[in-house]
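For reference, the structure discussed in these notes is given below.
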């Protein structure tokens, strides 16, 4: 937790200055282990996410106290709007905040992303997430392929190649 806070503080001035790292997913589970109800009333369960829905998903882990997380969310929201749910599902999981704190942040920032609360940090722990922001890139079959640690401009052309390459097992590692 202290390392995650330090990384957040080091990256807090601007997204462009923040380093990020993309690594292949080599941990267990190989599929998403999310349980809960998102801000739109959709139930998330391992069974539902394991099946996939024919298009890739981005699962972003963030916190209201993390400046790079807050800076990254608008570009993630823009990506979700540009792609549309029929091409890319984006879920922003708030880690560690109470429902009241998360709801207030979502309301005051006018965030329209689908969000899910992880106040106990269990979902993050189940996926080996300890640094914020971190994003899981999931292929259309529901398999976690990559983890991006650190803030990213999700509207960049580079990210488009990451998303397009999710279902190509021979695609090179995102850079």
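Laid out as a table, the results:
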read-out: Odd one out for residue 64, checked against (1) in contact with a strand residue (DSSP E or B) (Cβ under 9 Å, 6 or more places away or on another chain); (2) modelled with pLDDT of 85 or more; (3) crowded, with 19+ Cβ neighbours inside 10 Å; value: (3)
read-out: Subset tally (residues that are without any contact (Cβ under 8 Å) to a residue 40 or more places away in the chain and surrounded by 19 or more Cβ atoms within 10 Å (Cβ to Cβ)) for the range 67-93; value: 6
read-out: Residue within the range 132-150 that is farther than 23 Å from residue 25 by Cβ and touching a helix residue (DSSP H, G or I) at 6+ places or on another chain (Cβ under 6 Å) present; value: no
read-out: Residue count, the range 127-142 (criterion: within 15 Å of residue 33 (Cα to Cα) and crowded, with 17+ Cβ neighbours inside 10 Å); value: 8
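The values are calculated or read from the model by the stated rules, or taken from the named source; none is laboratory data. These figures come from a predicted structure and were not determined experimentally. Every residue, glycine as well, gets a Cβ built from its backbone with ideal geometry; the counts of neighbours run over all protein chains shown.
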